[in-house]
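Chemist: Please see the structure below; I have some questions.
FYI, it's all coordinate maths here, none of it is from the lab. Note that the structure is a prediction, hence the values are computed from the model and not measured. Cβ sites come from the backbone with ideal geometry, for glycine too, and all protein chains shown count toward neighbours.
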Amino acid sequence: MSDRDNRAPGDALNIIWTIASKDIIDALKNKVVISMIIMSSIILLLPKMLPALFEQPQTVLPIYDMGESHLVETLKKVPDISIQTLNSEEELSSTLCGSIYPLIGLRLPADFDQLLAGGGEIEIQGELCWSKRGQASALQTKLEGILAQALDRPVILQVVGNTVYPPAEKGLMLSLATVNSVLLILMMGIFLVPSLLLEEKDTRTLQALLVSPASIGQVVIGKALAGSFYILATGGVIFAISWVEVVHWGMVMLFVLGGGFFSVAVGLMLGSFFDKGQDTIGWMTALLLLLVVAVLIKMIGVELPALVAAILPWVPSIAVAELCRSAFLETVSAARVWTDLLVILAISLPLYLLVIWKVRRSDR
């Protein structure tokens, strides 16, 4: 038994942390890392800046009228707003959660005209998307005034508790948020992590590291932890900016950890099989594009040959994207989550083993 095998667990953890902390600090000096962090922030902030381009928060008022109420025709004559009639709950949630505006929609019950005939103050159910729950107070007062003038009586627009969630399918804003989040997590792993091994090769310190008290497994784990640190930091930036859209924070953690586990594995594989940074750029870009395009194809719902359609769910980036989407949905399928985690583990674990094998061969 070697001295490495006889070492106490505490010593092994100390070695792993020493390798990881060194790489974390060294990465901060890397211009590529700094530029990626800046780029990530810009990508995330751009959609948040779009509302500033609009002068009015809402010019269209969506209405889901379950009983063909006369209110709809009355409101069509109001010059301040444009009425959009909807035919289902799904259309209402898609309209409110699928774009920046409108903020508020109306749901009119089948007996609304009878309620209206009763006279006095009338209460109308206002609906808003979960992610817009903090933006509607000023608009609520404005719409109450418009509705009161149209009906010639006091109106209370009840929006508290009347929340809709992004539809699982065909949600443009949800799809954009998902693709952006997956892109940033994969980009950080695929472009940053290889440099942790490539720099060791360029400076010829990898061989010295491999003959040090550190085992090959500890070297790989240390590099993986350093990459995971930046993945977690990226995840923190993503959801610090988009926290208001999140419904399930547990799914956020699974997405960041699962996405990081896979992207770090891919990054380590690229770093272990190539010796120079310029050799990996093409592979990094091609692999990132392939993984992101697979997510886009899944999101758009492109018709594919049966064989390709059967393989597509086993692409790890799609499994990562599904975990991300689940964080923004009202309900989460436990079976789907377990399947996605299984896909990520089934692809990532062999990659880590392949990295250990390749690094061991370089130690000969």
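Chemist: How far is helix 9-28 tilted off the main Cα axis of the chain, in degrees rounded to 10, range 0 to 90?
Modeler: Tilt of helix 9-28: around 70 degrees.
Chemist: Provide the percentage of antiparallel DSSP beta bridges, counting only those with both residues in region 54-164; round to the nearest 5.
Modeler: That works out to approximately 20 percent antiparallel.
Chemist: Cα to Cα, under 26 Å, and not fewer than 8 places away if on the same chain: which lysines meet these conditions relative to LYS298?
Modeler: Within reach: LYS48, LYS170.
Chemist: If you count the DSSP beta bridges with both ends in the chain, what percent of them are antiparallel, to the nearest 5?
Modeler: Bridges in the chain that DSSP calls antiparallel: roughly 20 percent.
Chemist: Still on this model: In what sequence, highest mean first, do 182-188, 114-120 appear when ranked by Cβ atoms within 10 angstrom?
Modeler: 182-188, 114-120
Chemist: Pick from ILE43, ILE311, ILE81 the residue whose mean-square fluctuation is largest in a GNM of the chain, springs joining Cα atoms under 10 Å.
Modeler: So, out of ILE43, ILE311, ILE81, the one fluctuating most is ILE311.
Chemist: Over the alpha carbons of the chain, what is the largest minus smallest coordinate on each principal axis, giving the biggest first in Å?
Modeler: Computed over the chain, the largest-to-smallest principal extents equal 89, 44, 38 Å.
Chemist: Still on this model: At a 4.7 angstrom Cβ threshold, list every cysteine in the chain that has nobody to pair with, or say none.
Modeler: So, CYS324.
Chemist: Starting from the Cα of LYS76, draw a straight line to each of the lysines and keep only those under 20 Å, dropping any in the same chain fewer than 8 residues away.
Modeler: Leaving aside lysines fewer than 8 places away in the same chain, those within reach of LYS76 are LYS142.
Chemist: What value, in deg cm²/dmol to 500, does the helix sum -39500 (n - 2.57) over DSSP H runs of n ≥ 4 give at 222 nm once divided by the residues of the chain?
Modeler: -20500 deg cm²/dmol
Chemist: Now for a separate question. Taking Rh as the Kirkwood radius, which is the inverse of the mean 1/r over Cα pairs, what is the Rg/Rh value for region 54-164?
Modeler: The Rg/Rh ratio comes out at 0.93.
Chemist: Here's another thing I want to ask about it. Among VAL308, VAL244, VAL78, which one shows the biggest mean-square fluctuation in a GNM of the chain, springs joining Cα atoms closer than 10 Å?
Modeler: VAL308
Chemist: For region 183-246, what does the alpha-carbon gyration tensor say about shape, rounded, prolate or oblate, given a ≥ b ≥ c as the root eigenvalues, a/c under 1.5 as rounded, and a/b over b/c as prolate?
Modeler: prolate
Chemist: Nearest 10 degrees is fine. How inclined is helix 137-151 to the longest principal axis of the chain, computing both from alpha carbons?
Modeler: 20 degrees
Chemist: So what is Rg over Rh here for region 210-340, counting just Cα atoms and using Kirkwood for Rh?
Modeler: 1.02
Chemist: Now for a different question. Kirkwood Rh over alpha-carbon pairs of region 235-278, then Stokes-Einstein at 37 °C and 0.692 mPa s: what D in µm² s⁻¹, rounded to an integer?
Modeler: Rounded to a whole number, D works out at 267 µm²/s.
Chemist: Just how large is the dipole of the chain about the Cα centre, in debye to the nearest 20, putting +1 at every Lys and Arg Cβ and -1 at every Asp and Glu Cβ?
Modeler: 1700 debye
Chemist: On full extension of the chain, what length is gained from PHE229 through ILE156, given 0.36 nm per residue of separation minus the C-alpha to C-alpha distance?
Modeler: Net length gain for the segment: 21.3 nm.
Chemist: Work out, step by step, the length gained on full extension between ASP275 and VAL78: first 0.36 nm times the residue separation, then minus their alpha carbon distance; give nm to one decimal.
Modeler: Result: 64.0 nm gained on full extension.
Chemist: Kindly state, to the nearest 0.05, the FRET efficiency for LEU307 paired with SER137, given R0 = 41 Å and r defined as their beta-carbon distance.
Modeler: Given R0 = 41 Å and the Cβ-Cβ separation, E is 0.20.
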